[in-house]
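Asker: I have a structure I would like to understand better, so I am pasting it below and will then ask my questions one at a time.
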Amino acid sequence: MKVTVAGTGYVGLVTGVCLAHIGHEVTCLDVVEEKIEMLKNGKSPIYEPDLEDLMLKNKDRLNFTTNYKKAYKDADVIFIGVGTPERIDGTANLDYVNEVARQISESIDKDTVVVIKSTVPIGTNDRIEEYLNGNIKNGIKVRVASNPEFLAEGTAVKDTLYASRIVIGTEDKIAEKVLKELYLPLTKKPYNVPLLSMDRRSAEMVKYASNDFLALKISYINEIANFCESVGANIKNVTLGMGYDPRIGNKFLNSGIGYGGSCFPKDTKALHWLSKSLDCELKTVKACIEVNKDQKLRLFHKLKNSLYLKDLEVAILGVTFKPNTDDLRDAPSIDNVELLLEYGANVTVYDPIGLDNFKKRFKDRVNYASSINEAIKDKEAVMIMTEWKEIKEYDLNNYVKYMNKANIFDGRNCYDLDDFKNIDAYYVSIGRKDVGSLK
């Protein structure tokens, strides 16, 4: 099929590249010329493992353009994968989705299936279909379908090709047939992805319900971790025991300093706002938002209660919201570094991938290091914000070797407590007892 994907962010670009990989002719569209030029040269504007390799492998079926009229003109299927950032009040900003709909209405010259892959409030697909069919002439019929994404940054390619499920929401058999044909290769070997077909509003709701449930699970285990500190329990042992229960499972049970990224923060706020507007407030989601807001700063308060922050030399290890991405959206590191600077600390940061994006925000307000050793040298405290593999596998003796005072505040529970038994360091984590004494 001839497919056009609007938007070359995480959702749009990964979707487009993976659809090309399973045999479709794909045009990826974006308004930012610099991004399109990068893509034409085989470079991805986002950091995502395996993505550039897949782009190269399928370059003959991939096109990149800023010309929306040409891109939409004769597409069989158009995917909308643009951003839906949150507004100040927590609602989803649909300006980009609406703009794509307007451009589609100006451009297509045949019947088309428009697929909304962006995360949108329930009922958006209905409204977009009404708009398109009300503004397109010459008897052209547009069918709008919901096809929510369930990819995670850092594993987006695998999450798309070997998805846990494909959800399509349609209101007519023609749109359903088109999408089933489009995704047919993924439902067969070697992918074997289940495909679920349902009504559009249910499909829209699956995305919110799934993301918000995972956010709730994270917030719940973080509260349990905080309680463990009060009663002397070890959250690692608690989650180990919980995870063996198949009704609970061991995913999303890692305690720490809260969730960030492009999905959980905005999706919880958007669903909560929508529930309030319908006089059906989701109180558990509201509590989840509040818990995560407080949890982000829990490590900072541990540091502040232990050491005088004025002129304190602090190293931050990891700035992205999770490993294997350069995304800083709602990353706990941002709020923590802002507070450290406000209290007068001297901050040095290190991250394997995310420093370029971090520099755009903080510029020369902090110092930047090219390695863990450089970051922690002569420091009086270190705060671990992201559980990168190289941080988790770092030789703990080096903290003592390079730091002026080996005070380690670990917001991701990267290390076992027993590892510090023979190391002269002060180790503070989340949901567990402190090890050693303050230096």
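The values are calculated or read from the model by the stated rules, or taken from the named source; none is laboratory data. Keep in mind the model is a prediction, meaning the values are calculated, not measured. Cβ placement follows ideal geometry from the backbone for every residue including glycine, while neighbour counts extend to all protein chains displayed.
Asker: Considering only segment 125-143, state which residues are polar (S, T, N, Q) and surrounded by fewer than 23 Cβ atoms within 10 Å (Cβ to Cβ).
Answerer: Across segment 125-143, the qualifying residues are 133, 135, 138.
Asker: Okay, next question. Which of the residues that make up segment 212-228 are without any contact (Cβ under 8 Å) to a residue 60 or more places away in the chain and under 25 Å from residue 125 (Cβ atoms)?
Answerer: The answer is 213, 214.
Asker: If residue 118 satisfies every condition in (1) assigned to a helix (DSSP H, G or I); (2) among the hydroxyl-bearing types (Ser, Thr, Tyr); (3) farther than 15 Å from residue 18 by Cα but one, which is the exception?
Answerer: Among (1) assigned to a helix (DSSP H, G or I); (2) among the hydroxyl-bearing types (Ser, Thr, Tyr); (3) farther than 15 Å from residue 18 by Cα, residue 118 violates only (1).
Asker: Among the residues of segment 69-108 satisfying the criterion of being charged (D, E, K, R) and in contact with a helix residue (DSSP H, G or I) (Cβ under 6 Å, 6 or more places away or on another chain), which is farthest from residue 136 (Cα to Cα)?
Answerer: Among residues in segment 69-108 that are charged (D, E, K, R) and in contact with a helix residue (DSSP H, G or I) (Cβ under 6 Å, 6 or more places away or on another chain), the one farthest from residue 136 (Cα to Cα) is 86.
Asker: Quick check on residue 343: is it aromatic (Phe, Trp, Tyr), under 16 Å from residue 412 (Cα atoms) and at pLDDT 95 or above?
Answerer: no
Asker: Let me ask something additional. Go through the residues of segment 144-161 one by one and say whether even a single one is buried (at least 16 other Cβ atoms within 10 Å of the Cβ) and either over 22 Å from residue 18 (Cβ atoms) or more than 23 Å from the chain's Cα centre (by Cα) (or both).
Answerer: Scanning segment 144-161 turns up at least one residue that is buried (at least 16 other Cβ atoms within 10 Å of the Cβ) and either over 22 Å from residue 18 (Cβ atoms) or more than 23 Å from the chain's Cα centre (by Cα) (or both).
Asker: Further question: Here are the criteria: (1) hydroxyl-bearing (Ser, Thr, Tyr); (2) out of contact with any helix residue (DSSP H, G or I) (no Cβ under 7 Å at 6 or more places or on another chain); (3) surrounded by 23 or more Cβ atoms within 10 Å (Cβ to Cβ). Tell me which single one residue 308 does not satisfy.
Answerer: Answer for residue 308: the failing condition is (3).
Asker: Got a sec? Which helices (runs of 4 or more DSSP H) wholly within segment 125-198 have at least 2 residues that are assigned by TED's automatic domain parsing to the domain that holds residue 94 and without any contact (Cβ under 8 Å) to a residue 12 or more places away in the chain?
Answerer: Those helices (runs of 4 or more DSSP H) span 173-182.
Asker: Related question: What strands (runs of 3 or more DSSP E) completely inside segment 326-435 contain at least 1 residues that are farther than 25 Å from residue 292 by Cα and touching a Gly at 6+ places or on another chain (Cβ under 7 Å)?
Answerer: 426-428
Asker: Right, something else. Across segment 44-95, which residue is surrounded by the most Cβ atoms within 10 Å (Cβ to Cβ) among those that are without any contact (Cβ under 8 Å) to a residue 60 or more places away in the chain, in a loop (DSSP other than H, G, I, E, B) and among the aliphatic types (A, V, I, L, M)?
Answerer: 94
Asker: In segment 295-305, how many residues are assigned to a helix (DSSP H, G or I) and buried (at least 16 other Cβ atoms within 10 Å of the Cβ)?
Answerer: So the count comes out to 7.
Asker: Now, a different point. Based on this model, can you work out whether residue 250 counts as surrounded by fewer than 20 Cβ atoms within 10 Å (Cβ to Cβ), touching a Ser or Thr at 6+ places or on another chain (Cβ under 8 Å) and outside the structural domain of residue 383 (by TED's automatic domain parsing)?
Answerer: For residue 250, the condition - surrounded by fewer than 20 Cβ atoms within 10 Å (Cβ to Cβ), touching a Ser or Thr at 6+ places or on another chain (Cβ under 8 Å) and outside the structural domain of residue 383 (by TED's automatic domain parsing) - is met.
Asker: Among the residues of segment 332-341, write down those that are buried (at least 20 other Cβ atoms within 10 Å of the Cβ) and either over 17 Å from residue 264 (Cβ atoms) or out of contact with any helix residue (DSSP H, G or I) (no Cβ under 9 Å at 6 or more places or on another chain) (or both).
Answerer: Listed by number, the residues that qualify are 336, 337, 340.
Asker: For segment 104-115, what are the residues that are among the β-branched types (Val, Ile, Thr) and not in a helix (DSSP H, G or I)?
Answerer: 108, 112, 113, 114, 115
Asker: A further question follows. Which of the numbered conditions does residue 256 fail, given that it passes all the others? Conditions: (1) in contact (Cβ under 8 Å) with a residue 24 or more places away in the chain; (2) surrounded by fewer than 16 Cβ atoms within 10 Å (Cβ to Cβ); (3) out of contact with any strand residue (DSSP E or B) (no Cβ under 6 Å at 6 or more places or on another chain).
Answerer: Evaluating residue 256 over (1) in contact (Cβ under 8 Å) with a residue 24 or more places away in the chain; (2) surrounded by fewer than 16 Cβ atoms within 10 Å (Cβ to Cβ); (3) out of contact with any strand residue (DSSP E or B) (no Cβ under 6 Å at 6 or more places or on another chain) leaves (2) as the failure.
Asker: Something else now. Just checking, does segment 149-162 include any residue being within 12 Å of residue 80 (Cβ to Cβ) and not basic (Lys, Arg)?
Answerer: Yes, segment 149-162 has at least one match.
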